[in-house]
1. Using the structure shown, decide if residue 380 is among the acidic types (Asp, Glu), under 37 Å from the mean Cα position of the chain (by Cα) and under 19 Å from residue 500 (Cβ atoms).
2. Taking residue 150 and the conditions (1) touching a residue at least 60 places away in the same chain (Cβ under 8 Å); (2) crowded, with 21+ Cβ neighbours inside 10 Å; (3) not β-branched (Val, Ile, Thr), which numbered condition does it fall short on, given that it satisfies the others?
3. Scan (1) modelled with pLDDT under 90; (2) in contact with a Gly (Cβ under 8 Å, 6 or more places away or on another chain) for the single condition residue 175 breaks and write down its number.
4. Every residue in the range 485-543 that is surrounded by fewer than 16 Cβ atoms within 10 Å (Cβ to Cβ), small (Gly, Ala, Ser) and closer than 24 Å to residue 277 by Cβ, please.
5. Of the residues in the range 95-138, how many are closer than 20 Å to residue 261 by Cβ and polar (S, T, N, Q)?
6. Just to verify a result, which residue in the range 114-132, among those that are among the hydroxyl-bearing types (Ser, Thr, Tyr) and open to solvent by 50 Å² or more (accessible area, probe 1.4 Å), is modelled with the lowest pLDDT?
7. If you check residue 180 against the conditions, is it in the same structural domain as residue 119 (by the TED database) and open to solvent by less than 10 Å² (accessible area, probe 1.4 Å)?
8. For the range 199-234, which positions are aliphatic (A, V, I, L, M), outside any loop (DSSP other than H, G, I, E, B) and modelled with pLDDT under 85?
Amino acid sequence: MNAIVALCHFCELHGPRTLFCTEVLHSPLPQGASSGDISGQNEQAEEEEGGIQMSSRIRSHSPAEGASADSSSPGPKKSDMCEGCRSLAGGHPGYVSHDKETSIKYVSHQHPNHPQLFSIVRQACVRSLSCEVCPGREGPIFFGDEQHGFVFSHTFFIKDSLARGFQRWYSIITIMMDRIYLINSWPFLLGKIRGIIDELQGKALKVFEAEQYGCPQRAQRMNTAFTPFLHQRNGNAARSLTSLTNDENLWACLHTSFAWLLKACGSRLTEKLLEGAPTEDTLVQMEKLADLKEESEGWDGSEEEVKPPSQQDVVEGQELSKCSPETSLMPDCNSWNVSHRRLSVFRSLRHMRQVLGASAFRMLAWHVLMGNQVIWKARDKDLVQSAFDVLRTMLPVGCVRIIPYSDQYEEAYRCNFLGLSPHVQIPPHILSSEFAVLVEVRTATRSSLYPTVFDDEQSLNKYEFVVTSGSPVAADRVGPTILNKIEAALTNQNLSVDVVDQCLVCLKEEWMNKVKVLFKFTKVDSRPKEDTQKLLSILGAAEEDNVKLLKFWMTGLSKTYKSHLMSTVRSPTSSESRN
């Protein structure tokens, strides 16, 4: 995250001052923290925390070195600083942390070495401790502009027995130029900075209570009420934060906290490029997710005991008995899929085509694309589930209705993918129907010739697959255009499985766009059949199989898209434009 985090203090003698700041560097270190200053071999103390390698290196320095550092620094002169305004001694090289993952350096000094950054931090410091203060003078506030950056500031008090009112005023500020990012990071920054402040206040409170117990200042001040206050403190008006907290490693700890804050805040929010509107599959998945959340909320709020879901309780693309709302709300039942992936036997459409054969696969794929019921009878549930996982990739998400495994036949209106155990009797009219296809998985007679344990390549050798239908697809039948393109991609050995998957996504999007045009043309605009035939010819889908496919895929359109079209038609502006 390109930002600066700084600790500021309101000095009673010099006003608002910057005590300590940490900045992000994507380039070589600045002048005050050059490699020559930081690469001392004898006094290196390195540690790693959260992927950041911290280097806190301090070497002895002479007054001359301190003077040279002061003269080159854009900060205030040494004569204008007191103990309360100073954090690092003159000539101190500062602290540097190296992020190995991103090659970014986090550098901490009292002031930024770049004059422009010093001016920005200085102005933010003054505003955070003067005019930009929340009620009560303690708490978070946001301010800034495009020219000087935007600031998240959190003011707080630190106990001091020698200070006016027994407390001193500090603030931690975060400065960056991206207003939206900083506002979105408000909850994160508030929680983490509040934790740093609580730690500082806790340490200071212990010191304050110890000093008050040894020498109570309130009674002493009341006895000297008419003596000028500043003169009574005998030069103790300014106390460093290390003295107030009794922590000599305070600045190293603050550097670690600020560096982690910058890294964590930068990695918690990422930008994603959205290429166009969401696809129909995405919209349908979002709608299913919303429906499942509503159902889960209804189950959580009901007082009656929830009975285990029966075989009939099936949601589109998901079996509730295998995936409860508490475990997963995604339509694909992620937790169940993860457990069976390593047992799956069909790895891809190309693999299934090789196992079933070209003609049997074409018949099966034709019925899948047409929306006919696909029935698998097998003893191995994982085999059936893997087959459905592969076949469903040819259809839009909204067209998929699966009952993975059942002990009784289910009607086609309930599911277009049905898994059955071998003993289930299928009605005769279904076996002879042209709107259903049956895949029977039988034990191969030659299975005894193979080892008992099969790997992924040999696991199907113990089965034989019989594909039958009341309306077999002739080999010379043209079929839907998308089926021919899918087969062309599967037979092209130059295309990897991942490339074939992307081809499927593109083909489905192409034909879903045609479905959208046809839906609006026929259902919304109510055009005559002659115009519809002309439109199908323009879309390249005038053949019978293509028309059936489009009508079936029309059922997979999202409710969001349909309602959007209907609301557009009902609006007065749309009717006027059509007239």
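1. Numbers: among the acidic types (Asp, Glu): yes; under 37 Å from the mean Cα position of the chain (by Cα): yes; under 19 Å from residue 500 (Cβ atoms): no.
For residue 380, the condition - among the acidic types (Asp, Glu), under 37 Å from the mean Cα position of the chain (by Cα) and under 19 Å from residue 500 (Cβ atoms) - is not met.
2. In the conditions (1) touching a residue at least 60 places away in the same chain (Cβ under 8 Å); (2) crowded, with 21+ Cβ neighbours inside 10 Å; (3) not β-branched (Val, Ile, Thr), residue 150 misses (1) alone.
3. Failing condition for residue 175: (1).
4. Within the range 485-543, 540 is the sole residue that qualifies.
5. 6
6. Applying the first criterion (among the hydroxyl-bearing types (Ser, Thr, Tyr)) to the range 114-132 yields 119, 128, 130.
The next check asks that each one be open to solvent by 50 Å² or more (accessible area, probe 1.4 Å); those that pass are 119, 130.
Details: 119: 92, 130: 88.
My answer is 130.
7. On the way: in the same structural domain as residue 119 (by the TED database): yes; open to solvent by less than 10 Å² (accessible area, probe 1.4 Å): no.
Against the criterion (in the same structural domain as residue 119 (by the TED database) and open to solvent by less than 10 Å² (accessible area, probe 1.4 Å)), residue 180 does not qualify.
8. Pass one, the range 199-234, residues aliphatic (A, V, I, L, M): 200, 204-205, 207, 210, 219, 222, 225, 230.
From what's left, outside any loop (DSSP other than H, G, I, E, B): 200, 204-205, 207, 210, 219, 222, 230.
Hits for the range 199-234 are 219, 222, 230.
The values are calculated or read from the model by the stated rules, or taken from the named source; none is laboratory data. These numbers come from a predicted model, not from an experiment. Note: ideal-geometry Cβ built from the backbone for every residue, glycine included; neighbour counts use all protein chains shown. Just so you know, the surface numbers come from the protein's heavy atoms only, side chains and all, with ligands and any DNA or RNA stripped out. Shrake-Rupley method; radii C 1.70, N 1.55, O 1.52, S 1.80 Å.
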